[in-house]
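The values are calculated or read from the model by the stated rules, or taken from the named source; none is laboratory data. Nothing here was measured: the structure is a model prediction, and the numbers come from that model. Glycine gets a Cβ as well: all are built from the backbone with ideal geometry, and neighbour counts include every protein chain shown.
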Amino acid sequence: MSFLSRFGVVFIFALPAGPLFACDADRIDTRATVEWVADGDTVKLQDGKNVRLIGINTPELNHEGKPSQPYARMARSELQRILATSDNSVSLRYGEEKKDRYKRLLAHLYLPDGRNVNALMLRRGLAVAIVVPPNDWNLDCYRLAEAQAYAQGSGIWSLPAYRKKDSRRLRGSERGYRFVEGLIERVGKSRHSIWLNLHGRLAIRIDRKDIYRFPHGDFSNLEGRKLIARGWVYQRKGELRMRIRHPSNLELAL
């Protein structure tokens, strides 16, 4: 049983190679020219505004003295190459939430011929599909594009770090975006959160303010079930945690 049937959303992680997914725009909010590509998912426009591409996350370039992650430079180069095919002209489709906490515009990018830039990065295996509520438009299409790259082992999907990892095998030093599977050992509740504690080192946190996104948000009967989760791993109070804000980031394994 998957969260597809429980929550009415699609979680797709593997798909045989097949047709390309267009991820067409339902509207265009503005047009612009890209002046500079910061990394695989962030660009600067000629008017000085920074844009964070919605729905994807690419490997990090060297940041705060840390070395670049594998495929980070390739992701930036590929985004530069894609944009160069249109002389850096793009169309933007904004998210429901238009700006992030860093004041960057949040948008889906399209080339003048209608191709979705975000989807192109996913299909080339240089990005993972993410969802940061409330900006979940086009999620299903992005997951399909990601699954195509995953099935082919393209780019980042050739790396062990991006494969599902058993929660019992986590070392405690993991950080960043991860795919983890494990048995739910205990379901706990605190004042502000629901906790799904997996065998081993990982605790899944779902804030009570996010529960409304889970139509059947009763987690009490999940103990002993195998869960697959995707999201950012961080450390707090000596344990690894992953905050889940959207049901598409969880899957109950059969």
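All told, TYR234 falls short of being within 16 Å of the chain's Cα centre (by Cα), assigned by TED's automatic domain parsing to the domain that holds ILE130 and closer than 30 Å to LEU109 by Cα.
Note on region 134-161: residues that are without any contact (Cβ under 8 Å) to a residue 40 or more places away in the chain, within 26 Å of ARG93 (Cβ to Cβ) and not in a helix (DSSP H, G or I) total 2. Residues considered: ASN118, ASN62. Of these, the only one that is of a type outside the set (A, V, I, L, M) and either at pLDDT 95 or above or closer than 22 Å to ALA151 by Cα (or both) is ASN118. What are the residues in region 165-200 that are assigned to a loop (DSSP other than H, G, I, E, B) and on the phi < 0 side of the Ramachandran plot, if any? LEU170, ARG171, SER173, GLU174, ARG175, SER190, ARG191, HIS192, HIS199, listed by residue number. Can you tell me how many residues within region 56-86 are surrounded by 13 or more Cβ atoms within 10 Å (Cβ to Cβ) and in contact with a Ser or Thr (Cβ under 6 Å, 6 or more places away or on another chain)? Residues in region 56-86 being surrounded by 13 or more Cβ atoms within 10 Å (Cβ to Cβ) and in contact with a Ser or Thr (Cβ under 6 Å, 6 or more places away or on another chain): 2 in total. Of all the numbered requirements in (1) without any contact (Cβ under 8 Å) to a residue 24 or more places away in the chain; (2) among the charged types (D, E, K, R); (3) closer than 26 Å to LEU250 by Cβ, ARG81 misses one, and that requirement is (3). Filtered by the rule that a residue be under 14 Å from ASN57 (Cα atoms) and in contact with a Cys (Cβ under 8 Å, 6 or more places away or on another chain), region 109-146 gives ASN118, ALA119, TYR142, ALA145.
Can you confirm whether ALA203 is without any contact (Cβ under 8 Å) to a residue 40 or more places away in the chain, hydrophobic (A, V, I, L, M, F, W, C) and not in a loop (DSSP other than H, G, I, E, B)? For ALA203, the condition - without any contact (Cβ under 8 Å) to a residue 40 or more places away in the chain, hydrophobic (A, V, I, L, M, F, W, C) and not in a loop (DSSP other than H, G, I, E, B) - is met.
Only one entry of ILE156, ILE184 meets the criterion of being surrounded by 17 or more Cβ atoms within 10 Å (Cβ to Cβ), in contact with a Phe, Trp or Tyr (Cβ under 6 Å, 6 or more places away or on another chain) and not acidic (Asp, Glu), and that entry is ILE156.
Screening ILE211, ILE184, ILE204, ILE156 for residues that are in contact with a strand residue (DSSP E or B) (Cβ under 8 Å, 6 or more places away or on another chain), of a type in the set (Val, Ile, Thr), at pLDDT 95 or above and more than 29 Å from ALA72 (Cα to Cα) leaves exactly one candidate, ILE184. Of everything listed in (1) among the hydrophobic types (A, V, I, L, M, F, W, C); (2) under 28 Å from GLY153 (Cβ atoms); (3) at pLDDT 95 or above, the single unmet condition for ALA14 is (3). Scan region 61-87 for residues that are among the charged types (D, E, K, R) and under 24 Å from TYR110 (Cβ atoms) and jot them down. Hits for region 61-87 are ARG76, GLU78, ARG81, ASP87.
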